[in-house]
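Remarks on the structure that follows.
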Amino acid sequence: MAEHDPDAYPYTDVGEYVPYAGPHFSEAESRERAASFYQLMDSRRSVRQYSNRPVPRELVEAAIATAGTAPSGAHQQPWTFVLIGDPETKQLIREAAEEEERTNYLEGRMPEDWQRAIARLGTGWRKDYLGVVPWIVVLFEQRFGLDDDGSRIKHDYAKESVGIAAGMFIVALHNMGLATLTHTPSPMAFLTKLLGRQSNERPFVVFPIGYPAEDAVVPVLGRKSLEEIISEPRP
Ligand code: IYR
């Protein structure tokens, strides 16, 4: 790197640098990889029926490690992945989630347009899958950091950062043939207490993780075409 130029980089005066070590591919390799990765990811679906077949803890840990490579605001890595395998805690999560969802679905807490939006997904207040999966990961967003003396460290773009990490986690699981679902029981505050998290942490999403049931089905849903999601700048 060139010598530090304080005019151009007024806030950059510390830090060490190493050569970037990302992969290099020929254009042909890139095309091949792009096509096969797209195919792999296009086969991903949110799964609501799981097998109780055990999943080695290391596999879920590997997915968490991959998610932890996500970019984050000011590299603050504002995420905690709480990994739950013991049946009692999974059962407590299930019961609490079902209680909230029961109120949503049966007692009119879900606005009508929301009900209409999810009608074709085949969801209901019962969350059987939370009682079947070998693992549940609850991803928490650290809204702010806490340093050793308990004072707050501002986290920039925490929500965006955790959203990116969540996406990478889903990709990592799918890449190893594991299924998951971005489950957001609403409201989710019960998870902070149930899992003994601190008040700076906000539950972001619940991921049931396992192999899909052999007879798992998913709703027939199309994806938007490339033409629908890509655009040019408008004058
Ligand atoms: N949280 C509810 C409802 C629900 C909401 C959305 I947005 C979905 O994409 C699916 C379901 C539930 O988990 O059933």
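Read-outs throughout are calculated quantities, based only on the coordinates presented, and are distinct from any laboratory measurement. Note that the coordinates shown come from a computational prediction; the quantities given were computed from them, not determined experimentally. Cβ atoms come from the backbone with ideal geometry, glycine included; neighbour counts cover every protein chain shown.
Which residue pairs have Cβ atoms closer than 7 Å, lie 6 or more positions apart in sequence or on different chains, and pair a first residue in region 1-29 that is under 24 Å from THR69 (Cα atoms) with a second residue that is part of a helix (DSSP H, G or I) and not acidic (Asp, Glu)?
Filtered contacts from region 1-29: PHE25/ARG33.
Can we say ASP86 is of a type in the set (Asp, Glu) and under 20 Å from GLU61 (Cα atoms)?
So ASP86 fits the description; yes.
Just one of ARG109, ARG102, ARG94 is closer than 16 Å to PRO185 by Cβ and part of a loop (DSSP other than H, G, I, E, B); which is it?
Residue meeting the stated conditions: ARG109.
Let's see how each residue does on (1) within 25 Å of TYR129 (Cα to Cα); (2) within 16 Å of the ligand (Cβ to nearest atom):
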site: HIS183; (1), (2): yes, yes
site: THR192; (1), (2): yes, no
site: LEU221; (1), (2): yes, yes
site: ILE229; (1), (2): no, no
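Which one of the conditions (1) among the β-branched types (Val, Ile, Thr); (2) near the ligand (Cβ under 9 Å from one of its atoms); (3) more than 19 Å from THR180 (Cβ to Cβ) does THR123 fail to meet, given that it meets all the rest?
(3)
Step by step: first the residues of region 12-34, then only those that are among the aliphatic types (A, V, I, L, M), under 23 Å from ASN175 (Cα atoms) and loosely packed, with under 10 Cβ neighbours inside 10 Å, then the one that is farthest from the chain's Cα centre (by Cα). Which residue is that?
ALA28
Take region 41-64 and flag every residue that is part of a helix (DSSP H, G or I) and either touching a Lys or Arg at 6+ places or on another chain (Cβ under 7 Å) or loosely packed, with under 12 Cβ neighbours inside 10 Å (or both).
ASP42, GLU58
Could we say that ALA70 is under 23 Å from the mean Cα position of the chain (by Cα), surrounded by 14 or more Cβ atoms within 10 Å (Cβ to Cβ), part of a helix (DSSP H, G or I) and not polar (S, T, N, Q) here? Full working, then the answer.
Numbers: under 23 Å from the mean Cα position of the chain (by Cα): yes; surrounded by 14 or more Cβ atoms within 10 Å (Cβ to Cβ): yes; part of a helix (DSSP H, G or I): no; not polar (S, T, N, Q): yes.
Taking the combined requirement at face value, the residue does not satisfy it.
Name every residue in region 1-40 that is acidic (Asp, Glu) and assigned to a helix (DSSP H, G or I), in order of residue number.
The answer is GLU27, GLU29, GLU32.
Could you grab the pairs with beta carbons closer than 6 Å, sequence gap of 6+ or different chains, first residue in region 136-157 and touching a residue at least 60 places away in the same chain (Cβ under 8 Å) and hydroxyl-bearing (Ser, Thr, Tyr), second one surrounded by 15 or more Cβ atoms within 10 Å (Cβ to Cβ) and not in a strand (DSSP E or B)?
Filtered contacts from region 136-157: TYR157/GLY73.
Restricted to region 66-97, and to residues that are away from the ligand (no atom under 16 Å from the Cβ) and free of Cβ contacts under 8 Å to residues at least 40 places away in the same chain, which residue is nearest to ARG202 (Cα to Cα)?
Among those that are away from the ligand (no atom under 16 Å from the Cβ) and free of Cβ contacts under 8 Å to residues at least 40 places away in the same chain, it is HIS75.
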